[in-house]
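Some notes on the structure that comes next.
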C-alpha cells in the first residue's frame, strides 16, 4: 500500500475551519481546512490533528466550547508549526489565536446528525462522524 502524501500548510498563522472529528479509539482525528491557502490542485490544504482526551479538552477550552464537537464548522485563526520526524515534515497545530473563533450557527450540537458524513472539499476524503460517549 502506498502512503498518501498531503500538501502541507505553511508555518504561521492561518484561518482554519474544523470540518471533521473522527474517533480512532484512544485518539480522535480532527481535520481542519486551511482557508487562506490552496494546494497546487486549487483545493484548500488540510491540517490533520491527532488528539487524545487531554488535547481535546485543551483545544475546546482555547476555542471556548464545552466539548470539541460543538466547534464543528467553526472558523478561527490557528498557529501552524512544522516538525521533522523520521525524515518527514509534519504540520502541527500549536494553538488557537485568542478571540479569533467564529462558531457556526449550528455549533450547539443539535444539527450534528445532519452532517454525520461528508466529503472533504480539500482532499476529497470521505468522513463519517461517529458518536462515542456523547461526543462526535
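Of all the criteria given as (1) surrounded by fewer than 12 Cβ atoms within 10 Å (Cβ to Cβ); (2) modelled with pLDDT under 90; (3) on the phi > 0 side of the Ramachandran plot, the one not satisfied by residue 126 is (3). Out of all the residues in the range 1-16, which are at negative phi, touching a residue at least 12 places away in the same chain (Cβ under 8 Å) and either more than 12 Å from the chain's Cα centre (by Cα) or crowded, with 21+ Cβ neighbours inside 10 Å (or both)? Correct list: 6, 7, 8, 9, 10, 11, 13, 14, 16.
The number of residues in the range 17-36 being in contact with a helix residue (DSSP H, G or I) (Cβ under 9 Å, 6 or more places away or on another chain) and surrounded by fewer than 19 Cβ atoms within 10 Å (Cβ to Cβ) comes to 2.
Please determine whether any residue of the range 43-53 is modelled with pLDDT of 95 or more, outside any strand (DSSP E or B) and touching a strand residue (DSSP E or B) at 6+ places or on another chain (Cβ under 9 Å). Within the range 43-53, one or more residues are modelled with pLDDT of 95 or more, outside any strand (DSSP E or B) and touching a strand residue (DSSP E or B) at 6+ places or on another chain (Cβ under 9 Å).
Residue count for the range 63-95, restricted to those that are in contact (Cβ under 8 Å) with a residue 12 or more places away in the chain and part of a loop (DSSP other than H, G, I, E, B): 6.
Checking the structure you have, find out if any residue of the range 22-39 is in a loop (DSSP other than H, G, I, E, B), closer than 22 Å to residue 95 by Cβ and touching a strand residue (DSSP E or B) at 6+ places or on another chain (Cβ under 6 Å). Scanning the range 22-39, I find no residue that is in a loop (DSSP other than H, G, I, E, B), closer than 22 Å to residue 95 by Cβ and touching a strand residue (DSSP E or B) at 6+ places or on another chain (Cβ under 6 Å), so the answer is no.
The values are calculated or read from the model by the stated rules, or taken from the named source; none is laboratory data. A quick note: this is a predicted structure, and the numbers were derived from the prediction, not measured. When we count neighbours, we look across all protein chains shown, and the Cβ atoms used for this are built from the backbone with ideal geometry, even at glycine.
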